[in-house]
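What follows is a single structure, written as structure tokens, with notes after it.
The values are calculated or read from the model by the stated rules, or taken from the named source; none is laboratory data. These figures come from a predicted structure and were not determined experimentally. Here Cβ is always computed from backbone atoms with ideal geometry, including for glycine, and neighbour counts include all displayed protein chains. Keep in mind that these areas ignore ligands, DNA and RNA; they rest on the heavy atoms of the full protein, side chains included. Shrake-Rupley method; radii C 1.70, N 1.55, O 1.52, S 1.80 Å.
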Amino acid sequence: MEQLEKVLGDIGSFVWGPFFLIPLLLGTGLYLTIRLGFLQFHKLFPALNLGIIRRRDDSEEGDISQFQALTTALAATVGTGNIVGVATAIGIGGPGALFWMWVTGLVGMASKYSEAYLAVRFRTTDEAGDKSGGPQYYLQKAIKGPLGKILALSFAVFAFLASFGIGNMTQANSIAANVEESFGLLPWITGIILTVMTLLVLVGGIKSIGRVTAGFVPVMIVFYVAASLYILIANVVDIPAALALIFTDAFTGTAAVGGFTGSILIIAIQYGVARGMFSNESGMGSAAIAAAAAQTTHPVRQGLVSMTQTFIDTIIVVSCTGLVIITTGAWNRVDEETGEQVSAALMTGEAFSTGLPGQWGHWIVTLGLVMFAFSTILGWSYYGERNVERLFGQRLVMPYRVVFSLVVFIGCTVPLAVVWNFSDIMNGLMALPNLIGLLILSGLIARETRHYLKHDPKLVASAAEIEDFMVDRPGWADWKSGNVVGSSRTHTGRSLNPERIREGDAGPGPADHDRAR
């Protein structure tokens with residue numbers, strides 16, 4: 001096991017290293033930002049208004065509202081990366097790593113928009129009437145030939161495997177470990193409770209997940225951000241110096257006290273980008289799966305709503321954690337007993353304990369981590385099941401939900417060093433086919449985005465108005481044909497029941513896809 005852990009660690013270091021995934025992530029995000037005309041900056045407020053204030057689009061097609069799709073994606077992304085991941089980036093890469101997390105988030109908003117747009121644009125409907133969409137579909141439907149199929153299937157396999165790792169066992173293990181430390185509850189008891197809660201939510205599918213996350217996620221985020229703001233207000237005089245340190249260190253590097261010596265620029269960038277993506281998942285393609293289930297009148301509208309998820313995750317929640325760690329001095333504090341720097345796992349708790357009276361800081365970090373990690377389990381369960389549907393069909397979705405829930409217990413009760421390393425690799429490999437696809441399809445994304453925003457720049461057009469300026473647009477009829485029940489099976493290599501074909505449920509055909517392209 002030690003040898004396996006070392007091998008997986010080496011592979012993970014290469015995948016997330018400065019010469020493989022990191023330049024591809026930043027490069028793709030920057031390229032899409034330019035091609036989309038810096039969309040994430042001038043359409044952010046209309047998108048926030050549509051997704052958070054209005055919450056629902058003028059459409060009945062879809063499984064959940066736009067707000068529920070947004071909170072489901074937030075549930076999956078706002079997790080341990082927002083607490084422990086930020087601390088790890090700052091503890092190893094210095095305060096400048098937070099700057100590179102911001103950069104990753106800002107350019108990642110363009111990636112998140114693009115993958116969500118494609119997920120809705122090329123979504124289908126499975127035999128149960130549920131929407132199926134994401135890289136596992138749009139990479140094959142939008143890219144001609146074997147390349148598209150290889151990319152789509154690769155993503156589906158990696159996402160399926162990742163759902164049990166980063167989306168399940170690692171989150172459950174973090175919950176059990178923190179609950180035991182804070183409240184003395186044995187891991188197996190936590191495991192039983194989590195397993196039952198997970199199963200109760202998952203049996204109802206995406207509609208059940210959407211209802212839970214819509215009520216749970218906003219409270220979770222407001223609770224954590226409010227505690228962070230209390231600390232920042234109490235340390236308001238230290239914020240200018242903290243910001244100056246972040247921006248200076250981003251381009252020079254600073255050694256953490258008691259840690260390594262001589263942190264350099266490449267380390268700050270590497271850990272900032274890696275942990276930034278781990279936190280917001282922009283470019284990975286995972287959040288696009290939730291976007292595909294949204295009730296929306298046009299793919300552009302849901303793409304913009306999904307884009308705000310990265311803004312909330314990175315620019316708001318990650319910033320709160322990072323600034324609290326820096327302003328309280330926890331990032332370079334030395335443990336009095338050991339003489340070593342406070343570890344990343346304890347750094348955020350140390351910062352909140354310093355900034356809040358009594359034991360409030362410790363409890364808030366523990367409760368925040370429990371809520372964040374449990375919501376991630378729910379969100380990733382949906383990502384996993386949609387890829388199960390893509391690979392094996394609807395009949396295995398319910399068994400997957402049951403197995404996924406049972407694996408939560410395993411995560412709570414066994415050591416997971418190997419699983420953590422394996423999860424890092426799967427996350428990176430998920431992103432690879434998706435990023436390649438985004439680059440290939442960037443022309444389609446930019447062209448259709450410009451057309452839509454030319455007619456509806458404020459995102460207020462009704463369904464009838466959208467139909468008027470889209471009716472003759474190539475691909476519009478094909479998008480609506482994805483509402484046919486059973487249409488997802490036409491893209492998985494499995495043929496439809498002949499009776500369904502005679503009834504007209506064959507779904508979109510090759511000619512429709514050619515017109516879309």
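For the stretch 1-108, what mean projected area does the convex hull of the alpha carbons give, in nm²? Intermediate results must be reported in sequence, preceding the final value.
Details: hull surface 40.3 nm².
Computed as one quarter of the Cα hull surface, the answer is 10.1 nm².
Could you tell me the distance between the Cα centroids of the stretch 137-166 and the stretch 61-83, to the nearest Å?
Going from one Cα centre to the other spans 21 Å.
Quick one: order Leu30, Leu438 from most to least accessible surface, probe 1.4 Å.
Numbers: Leu30 90, Leu438 0 Å².
Sorted descending by solvent-accessible area, the residues read Leu30, Leu438.
Among Gly191, Gly37, Gly411, whose Cα projects farthest towards the positive end of the dipole of the chain, with charges put on the beta-carbon of Lys, Arg (+1) and Asp, Glu (-1)?
It is Gly37, whose Cα lies furthest towards the positive end.
Place +1 on the Cβ of every Lys and Arg and -1 on the Cβ of every Asp and Glu in the chain, take the dipole about the Cα centre, and give the residue among Thr348, Gly358, Leu153 whose Cα lies farthest towards its positive end.
Leu153
What figure, in Å² to the nearest 10, do you get for the accessible area of Val222 with a 1.4 Å probe and non-protein molecules left out?
Here the residue's solvent-accessible area equals roughly 100 Å².
Keeping every protein chain in place, order Asp424, Asp456 by accessible area at 1.4 Å, biggest value first, i.e. largest first.
Values: Asp424 35, Asp456 5 Å².
So, going from the largest accessible area down, we get Asp424, Asp456.
Using the Cα gyration tensor of the stretch 1-59, with a ≥ b ≥ c the square roots of its eigenvalues, what is the shape: rounded (a/c below 1.5), prolate (a/b larger than b/c) or oblate (neither)?
Details: a/c = 5.22, a/b = 2.11, b/c = 2.48.
Verdict is oblate for the stretch 1-59.
Can you tell me the dipole magnitude for the stretch 278-371 around its Cα centre, using point charges on the Cβ only (Lys, Arg +1; Asp, Glu -1), in Debye to the nearest 20? Could the numbers behind the result be given before it?
Values: 2 positive and 7 negative charges, 110 e Å.
Dipole of the stretch 278-371, to the nearest 20 debye: 520 debye.
Along the charge dipole of the chain, which of Gly204, Ser375, Phe223 sits closest to the positive end, that is, farthest toward it, with unit charges on the beta carbon of Lys, Arg, Asp and Glu (+1, +1, -1, -1)?
Working it through, the farthest residue towards the positive pole turns out to be Gly204.
If ligands, DNA and RNA are left out, what is the accessible area of Ser353 with a 1.4 Å probe, given in Å² to the nearest 10?
50 Å²
If you place +1 on the Cβ of every Lys and Arg and -1 on the Cβ of every Asp and Glu, how big does the dipole about the Cα centre of the chain come out, in debye to the nearest 20? Spell out each step's value before the answer.
On the way: 34 positive and 38 negative charges, 295 e Å.
Dipole size: approximately 1420 debye.
Would you rank Asp57, Asp238 by solvent-accessible area, highest first, keeping every protein chain in place and using a 1.4 Å probe?
Values: Asp57 10, Asp238 65 Å².
If we order Asp57, Asp238 from most to least accessible, we get Asp238, Asp57.
Per the 1.4 Å probe, what fraction of the accessible area of the stretch 355-442, in percent, lies on carbon and sulfur atoms? Spell out each step's value before the answer.
Numbers: 2200 of 2790 Å².
Carbon with sulfur: 79 percent of the solvent-accessible area.
Roughly how many whole Å is it from the C-alpha centroid of the stretch 346-418 to that of the stretch 198-239?
Cα centroid of the stretch 346-418 versus Cα centroid of the stretch 198-239: 14 Å apart.
Select from the chain the helices, each a whole stretch of DSSP H, whose alpha-carbon atoms run 27 Å or more along the helix axis and whose Kyte-Doolittle mean is at least -0.5; answer none if there are none. Can you show the working numbers first?
Working: long enough: 96-121 (38 Å, 0.69); 145-164 (31 Å, 1.72); 205-234 (43 Å, 1.66); 360-392 (47 Å, 0.49); 417-440 (36 Å, 1.38).
Taking the DSSP H segments of the chain (at least 27 Å long, mean hydropathy at least -0.5), we get 96-121, 145-164, 205-234, 360-392, 417-440.
Mind checking the full-extension length gain between Asp58 and Val236? Use 0.36 nm per residue of separation minus the Cα-Cα distance, one decimal, nm. Walk me through the numbers on the way to the answer.
Working: separation 178, 0.36 × 178 = 64.08 nm, distance 4.33 nm.
Here the answer is 59.8 nm.
Which entry in (1) 19; (2) 11; (3) 15 matches percent of Cα pairs over 45 Å apart derived from the coordinates of this structure?
Computed from these coordinates, percent of Cα pairs over 45 Å apart corresponds to label (2).
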